[in-house]
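See below for the structure under consideration.
Bear in mind that the values in this text are calculations on the coordinates, not laboratory data. Just so you know, these numbers come straight off a predicted model, no measurement behind them. Note that we place each Cβ from the backbone using ideal geometry, even for glycine, and neighbour counts take in every protein chain shown.
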Amino acid sequence: MGRLRVLFYETPDNPFYSLAFEEAIFQSVMRGADTTLRFWRHSNAVIIGYFQKADEEVNIEYARKMNISIARRFTGGGAVYHDLGCLLWTVATRGPEKGSVSYLYDHLLEGFVNALRRLGFTAARENVNDVVVTIGDKSFKVSGAAGSFRGGAYLLHGTLLLNTNLEVLSRVLRVSKAKLADKKVSDVKYRVTNLANLNHSIGVPDVVKAVVESYSELLGLDPYYDLPSREEVDLARRLYEAKYSRAEWNLLRMPHSYFESASTT
C-alpha cells in the first residue's frame, strides 16, 4: 500500500506565499513526492482563478476598505472569499499520463464529496466543480474546487465553508446576475451556507478526519503526517518573490511565461 502524506501548513496572513506553496506542492509531486493532502486557511482574502480579471470578479473598493487581500492562484475556476471560517484542502497526486479533466472532477473531487457523506450529509457534485449538501428539498453550496494537471501530476484544491462571514463574502465578490438567476436566488449569500448552520456539532477535527479517511480509501493509500520539505519551502519562497507577490500576477494576469525565472528544475 502506498502512502498519503498529510500536511497542516498555512500562512493565514500571507495568501500570496500560501498560493506559491500550492504550486511548490504540485511541482514536488511532479518530481515523485508522495501523494499530498494539505489543510490550510487564510484570514481575509479573495482568491481569483488564473483566467479571471480582478476588477470583474472583486469589489476592489470594498476589499481595500476591509483590508482584504486579492491574490491569484495558478488553477482556473471562480473567485472565492476566504476567512478563518473557511477550511481549505488540497490533494496532489499522480494520475493518467494523458491529462484528464474527468480524473480531477469525476474521481478526485469524489473523495471530498464522500468525506461530507461520512459526516452525515447528503452531498453531491453540481456544475462540475461545486459541492452541495441537500436538506429537505433545498440544496446549498458549501464548497467549490479548482484544479490543474501536467505531466501525469494532478492538483485539486477547494474550499469548505464552516463558519465564514457570508455578509462579507456577498459584498466583496461580484457575481453576475445571470449566474444568480440560474440558481434562482437574488444574492450570493443565499445560495451558499456554512456547515455550522446545518450541524453545530461538526468542527475542523471532524472534517479533517473524514477527508483523510475518504482520500485514503479512494486512492488506496496509508496516511502519515509530515512537514514541508526544505526543497518545497525554498521553491515556494522563489515563486512568491518572483510571481505571487507581484501585481503583474495578481492584478494584471501576466502569463506564466512572464515569471519563468521563478521555477527551477
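The single residue among 92, 45 that is in contact with a His (Cβ under 6 Å, 6 or more places away or on another chain) and either crowded, with 17+ Cβ neighbours inside 10 Å or among the hydroxyl-bearing types (Ser, Thr, Tyr) (or both) turns out to be 45.
Of the residues that sit in segment 240-259 and are among the small types (Gly, Ala, Ser) and surrounded by 14 or more Cβ atoms within 10 Å (Cβ to Cβ), which one is nearest to residue 55 (Cα to Cα)? Spell out the reasoning first.
Initial filter on segment 240-259 (among the small types (Gly, Ala, Ser)): 242, 245, 247, 257.
If we keep only those that are surrounded by 14 or more Cβ atoms within 10 Å (Cβ to Cβ) too, we end up with 242, 245.
Numbers: 242: 23, 245: 18 Å.
So, considering only residues that are among the small types (Gly, Ala, Ser) and surrounded by 14 or more Cβ atoms within 10 Å (Cβ to Cβ), the one nearest to residue 55 (Cα to Cα) is 245.
Restricting attention to segment 114-144, the residues that are assigned to a loop (DSSP other than H, G, I, E, B), under 16 Å from the mean Cα position of the chain (by Cα) and crowded, with 18+ Cβ neighbours inside 10 Å total 1.
Taking segment 193-261 and the helices (runs of 4 or more DSSP H) fully enclosed by it, the elements with 2 or more residues that are touching a helix residue (DSSP H, G or I) at 6+ places or on another chain (Cβ under 6 Å) and over 22 Å from residue 68 (Cβ atoms) are at 204-219, 230-239. For first residues located in segment 1-26 and more than 16 Å from residue 250 (Cα to Cα), partners that are in a helix (DSSP H, G or I) and acidic (Asp, Glu) and lie 6+ apart or on another chain with Cβ distances below 7 Å form the pairs 24/232; 25/232.
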